[in-house]
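This report concerns only the one structure given below.
The values are calculated or read from the model by the stated rules, or taken from the named source; none is laboratory data. Please read these numbers as outputs of a predicted model, since none were measured by experiment. With ideal geometry, Cβ positions are generated from the backbone for all residues, glycine too; neighbour counts draw on all protein chains shown. Each accessible area value is taken on the protein alone, full model and side chains, heavy atoms only, with ligands, DNA and RNA left out. Shrake-Rupley method; radii C 1.70, N 1.55, O 1.52, S 1.80 Å.
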Amino acid sequence: MAGNDWINSYLEAILDVGPGIDEAKSSLLLRERGHFSPTRYFVEEVITGFDETDLHRSWIRAAATRGPKERNTRLENMCWRIWNLARKKKQLEGEEVQRNAKRHLERERGRREATADMSEDLSEGEKGDFPGDGSAHGDSVQGRMRRIVSVDLMENLANQIKEKKLYIVLISLHGLLRGENMELGRDSDTGGQVKYVVELARALGTMPGVYRVDLLTRQVSAPDVDWSYAEPTEMLTPRTTESSMQELGESSGAYIIRIPFGPKDKYIPKELLWPHIPEFVDCALSHIRQMSKVLGEQIGGGQPVWPVAIHGHYADAGDSAALLSGALNVPMLFTGHSLGRDKLEQILKQGRQSRDEINTTYKIMRRIEAEELSLDSSEIVITSTRQEIEEQWRLYDGFDPVLERKLRARIKRGVNCHGRFMPRMVVIPPGMEFHHIVPHEGDMDGDAERNEEDPTPDPPIWSEVMRFFTNPHKPMILALARPDPKKNITTLVKAFGECRPLRELANLTLIMGNRDNIDEMSGTNATVLLSILKLIDKYDLYGQVAYPKHHKQYEVPDIYGLAAKTKGVFINPAFIEPFGLTLIEAAAYGLPIVATKNGGPVDIHKVLDNGVLVDPHDQQSIADALLKLVSDKQLWARCRQNGLKNIHQFSWLEHCKTYLSRIAMCKARQPQWQRSNIGFEYPEPNSPGDSLRDIQDLSLNLKLSLDGEKNEGTGTFDNSLDSIDRKSNLENAFLKLSNGIIGGTEKASLMEKAEQNVSGSRFPVLRSKKYIFVIAVDCDSVSDIPKIIKTIMDVAGKENSIGLILSTSLSISEVHSLLISGSISPLDFDALICNSGGDLYYPSTSSEDGTGLPFTVDLDYQLHRIPLGWRRFKENIGSMGYFC
């Protein structure tokens, strides 16, 4: 009788629409004269989705329960008419099948006769060229599309990694992380990022060539959270045993490593974690060094196995990863997830808060500072979409899309970039596991027959959702997001409430995390939820909107399945969505999507082509898109099939292959804790003179082909450079860059001095030192500085393996005077940082720059900092003194 439940629900929905189907002026057309009626939709669902036996049974039931009310009479008449329509439809379909079968037999007979007649006139050699022969099919090598070179490169790199045993470190500090039963939506910190990093670590741990993956996060022992978040270590088990392809070992696999830092026995939001990051870095550094030694004993032949990369997720983890990457000398990767500057711009546009209020609430300036540091320290920045690069990262000082492409072109041509660096932006969409997903197949009658033969109880979450609805079998519009203002759920409810045809046709389900009491929720989340409840009351949507209080993470697939079973639609109406993992999940379960046109959904839609993109600010366009997808069955089926067909492109396997191939392209590094002074070979550096001879291109604004393509009438890229008057451009470019810092005789002899400095090897090689002490001294009483310096030098000792660097805000002449007054020889130092980092000097036995002081200026450092506007920076800090 399961089928009859659906039939009865559809019949009730038809009665709720308004005019009966037997009225003369009513129409079964979905759209007539610009007006929409759901009647035809439900009638077609009953006729095409169920057997006439079920329809006859419903008619008998309606006749047996006939009453004096008009609604009961209409129901009986409607059942009888639809039953007759179904019988007529079945009869017409049978006749159509017979006609098609007869027509097919006639065509086959004609084709065989024609083939027999032609074969008599063809020789054996000609038969192979017959158009119907298999050799004529488009399977030749010439007809195939050539593979993209970059794809071959990625696969080659991935194959090389298979032979290695890599150790990868991921960092995600905020939120509550665990491998199973993640509490997504519990708070604003435990959202899609938590699921992404956990599944990324799990997937990387199963890849061939990856021996161990550590996901570092915060250990939380608070009484208001589950005890599992206090466990120091948790192993992430693979989803299937077949997917675990790496070599097994004592410490192999993927692990969540929880490091204690910050307030003990208290779970705090990410905005309050910033002061505790140094504590995390110290503990994380200790863990990595210890684990590297352990792995070295297991698979490294006694030599430490250092991480091949450290990957920070979000600004706080990026800040930590930058410090760890610098300390360990390993490549850093960064994923911003949600960027501070973009959020700042969005809130300012809304006009709800001032800049100071935003900074107080979200610590936004500290977050932006961490993102800038991450940009400077990362070799690769992984993004989910191209839009994130072009519209969000370009807001940062450390990145410019045009300049980044030009720098890449210079590196490709082997041209010196003069210290300018920008990380490589790489788009790698997040992945998803599909092995456990079984999308809903078949119509309702098929489901009914299967249920009668092998009754399977519905998932518990179905009843929890369907109890909200007066008619639970209508198509379901599903939204899955926490009650956050940027998720724009209130606009969705308004669009649903003000569109009567949509209300008559479908139900709305809002899965907004878990809650016990609205009063216990955070301020913004509680405000959004209360607004939604008021809108439900305003539009009288009781019985049409579901908003369950609780759900488990493992029940989310069942929620998608319920929406697909009712032939519903998934919607993500966020103002801006960094990626939109829920869109991929919905597509995997066969749900068409309606999504915001701002952010990641644009790229997802290009791949899946399974829905409609809308302006999240346009309430009417949201309602129109939902109505279009739900009411047009052919469009719904086409979107569903497109999503299921293309979803494999977002698998974790594809994600990890691209991820590892990008890591393989990073320069191989590992910590070099000790270097021998004996027989130390000084590497031949790039000549500053060579850099200066190419300085006319330093502005990086040449309007030339970035790929070295030929320009019309001028030959190749390099030939076009040769045609430039190098001497004139050198003078002009350098004069512009110097900005008044270097002039006169100094400018004229800059190239010559640079070449002398390098060729004479007069700069000390600090990397030959085992330890380096940086003495940063600035205080109110300048006379105390020599005493402080002597004390530190006495503690450091005078071993050759120890290097000393003096860092101060004073000028070089002031430093020299202080050293002389304190009877300290300048030669005791390996380098001197002056003017708050504005200049770098090395001690020398004689004056070489015309100042009369025994120091040599680092001209390469000057060339690096001049284009970055260091003079203006020094002027701004003025008399601030020591700047860290």
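Things to note:
- Any hit, the stretch 645-652, residues being over 27 Å from residue 424 (Cα atoms) and either surrounded by fewer than 21 Cβ atoms within 10 Å (Cβ to Cβ) or over 25 Å from the mean Cα position of the chain (by Cα) (or both): yes
- Verdict on residue 647 being among the β-branched types (Val, Ile, Thr), under 30 Å from residue 350 (Cα atoms) and in a helix (DSSP H, G or I): no
- Every listed requirement among (1) open to solvent by 20 Å² or more (accessible area, probe 1.4 Å); (2) assigned to a loop (DSSP other than H, G, I, E, B) is met by residue 193 save one, (2).
- The C-beta contact set for the stretch 82-98 (first residue open to solvent by 80 Å² or more (accessible area, probe 1.4 Å), second residue of a type outside the set (Phe, Trp, Tyr) and modelled with pLDDT of 75 or more, distance under 6 angstrom, 6+ apart or interchain) is empty.
- Selection from the stretch 806-839 of residues that are among the charged types (D, E, K, R) and within 19 Å of residue 794 (Cβ to Cβ): 828, 830
- Test: residue in the stretch 831-847 that is more than 18 Å from residue 788 (Cβ to Cβ), touching a residue at least 60 places away in the same chain (Cβ under 8 Å) and of a type in the set (Asp, Glu): no
- Single residue of the stretch 502-525 satisfying the filter (crowded, with 17+ Cβ neighbours inside 10 Å and among the small types (Gly, Ala, Ser)) that is farthest from residue 626 (Cα to Cα): 513
- Residue among 379, 390 that is more than 25 Å from residue 272 (Cα to Cα) and exposed (fewer than 15 other Cβ atoms within 10 Å of the Cβ): 390
- With respect to the stated conditions, residue 202 is surrounded by 16 or more Cβ atoms within 10 Å (Cβ to Cβ), within 21 Å of residue 584 (Cβ to Cβ), modelled with pLDDT of 90 or more and among the basic types (Lys, Arg).
- Wholly enclosed strands (runs of 3 or more DSSP E) of the stretch 566-627 bearing at least 2 residues open to solvent by less than 10 Å² (accessible area, probe 1.4 Å) and in contact with a strand residue (DSSP E or B) (Cβ under 7 Å, 6 or more places away or on another chain): 569-572, 593-596
- Number of positions in the stretch 526-565 that are of a type in the set (Gly, Ala, Ser) and crowded, with 19+ Cβ neighbours inside 10 Å: 4
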